[in-house]
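Peer 1: Mind having a look at this structure? Questions to follow.
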Amino acid sequence: MFVIVCGDSYCSADMSANRQHFSQILTDSYGFKVVNYAQPGCSQIAISFQIKKAIEQRPNVIIYNRTFPDRVEVPIKSKSKFYNRLDDFLYHDAAMENFSNMYNKDSSMASIPLTNLDVLDKTHVDNDTITALQMYTTNLFNWHLKFEIDAWIFDYWSNRIQNNNIVGISLAPETEIGTTLYEFTKNNRDYPTVYHTDSATQQKVADMINKRINRELINNNVFDKS
């Protein structure tokens, strides 16, 4: 069973966390082949490029989530060419499980929260770019409008997954599985893991995903290629 995970920090596997993330549990406990493209702090546009690449890999299942509206794409100085591919996005956190596979020194775009501009050092963006982002945040950014736009993007890629005969498992907050993640975060703010939850919650999410995949197998919606 070939599974690809796309999303932000909730879907990101941290190498320092003793393989407690649901994507790692799906491999270690259930024997799935799992590739993880997720990255903390990335925008819905970046997640879209993750999903685009995932569809090209023809997995059985794509697990994905919807991120928060305060995420933007930032051009990296001296890297002006954008080729419309996931490789164009900088994977900047070396602690992530997928970093060694996804890091590209020639990436031309970063994807970050407006509240965390310091994640990019001066080798990536200059002071003028930081100033422009701060002005955009203060004078132009509208949370509710951006939320609506991101929802349209999310729905588009959900349909693309389905139209390519791939089982899509959404971890958006309104879904049963997503609720498990986001309710924990709501009750335990600033929990000290990259993916914001504890090991028990990750195990529960992995179990729910496994049950969902098995249900899809029974209904002949997914065929095990492994």
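No lab work stands behind these numbers, since they all come straight from the coordinates. These numbers come from a predicted model, not from an experiment. Heads up, the Cβs are rebuilt from the backbone with ideal geometry, glycines too, and the neighbour counts pull from every protein chain shown.
Peer 1: Place the peptides 139-152, 10-23 in order of packing, highest mean first, counting for every residue the other Cβ atoms within 10 Å and averaging per peptide.
Peer 2: 10-23, 139-152
Peer 1: Another question about this same structure. Stokes-Einstein diffusion coefficient for the range 1-116 at 25 °C in a medium of 0.890 mPa s, Rh from the Kirkwood formula over Cα pairs: what value in µm²/s?
Peer 2: Translational diffusion coefficient: 171 µm²/s.
Peer 1: List every residue whose amide H lies under 5 Å from the amide H of Ile63, counting only residues 5 or more places away in sequence or on a different chain, with H placed 1.01 Å from N in the peptide plane.
Peer 2: Ile4, Val5, Cys6, Ile169
Peer 1: OK, next. With charges only on Cβ, +1 for K and R and -1 for D and E, what is the dipole size of the chain about its Cα centre, in debye, rounded to 20?
Peer 2: 540 debye
Peer 1: Determine the percent antiparallel among the DSSP beta bridges restricted to the chain, to the nearest 5.
Peer 2: Percent antiparallel among DSSP bridges in the chain is about 30.
Peer 1: In whole angstrom, how long is each semi-axis of the equivalent ellipsoid of the range 85-161, when you take the square root of 5 times every eigenvalue of its Cα gyration tensor and sort them from largest down?
Peer 2: Ellipsoid semi-axes (Å, largest first): 23, 22, 10.
Peer 1: ³J(HN,Hα) across the range 103-115 via Karplus (A = 6.51, B = -1.76, C = 1.60, θ = phi - 60°), whole Hz, x for Gly/Pro?
Peer 2: With coefficients 6.51, -1.76 and 1.60, one gets 5, 9, 5, 9, 4, 9, 9, 10, 9, 9, x, 5, 8 Hz.
Peer 1: Helix 127-139 against the longest principal axis of the chain: what's the angle in degrees, Cα atoms only, rounded to the nearest 10?
Peer 2: Here the helix axis deviates by roughly 70 degrees.
Peer 1: If you don't mind, there's one more thing I want to ask. Pairs of Cα atoms under 8 Å, at least six residues apart: use those to get the relative contact order of the range 1-57, whole percent.
Peer 2: This gives 46 percent for the range 1-57.
Peer 1: For the range 2-218, just the Cα atoms, rotate onto the principal axes and tell me the three extents in Å, largest first.
Peer 2: 54, 37, 34
Peer 1: Just to be sure I follow the rule: in the chain, considering lysines 8 or more places apart or on different chains, how many pairs have Cα atoms under 23 Å apart?
Peer 2: The result is 24.
Peer 1: By how many degrees, 0 to 90 and rounded to 10, does the Cα axis of helix 143-163 deviate from the longest principal axis of the chain?
Peer 2: With rounding to tens, the tilt is 40 degrees.
Peer 1: Let me ask something else about it. In whole percent, what relative contact order does the chain give with Cα contacts below 8 Å and a gap of six or more residues?
Peer 2: Computed value for the chain: 26 percent relative contact order.
Peer 1: Oh, and also: Kindly express, to the nearest 10 degrees and within the range 0 to 90, the angle between helix 176-187's C-alpha long axis and the longest C-alpha principal axis of the chain.
Peer 2: On a 0 to 90 degree scale, this one is about 50.
Peer 1: Which residue, chosen from Asn165, Ile4, Asn84, occupies the Cα position most advanced towards the positive end of the dipole of the chain, where the dipole is computed from +1 (Lys, Arg) and -1 (Asp, Glu) charges on Cβ about the Cα centre?
Peer 2: In the chain, that residue is Asn165.
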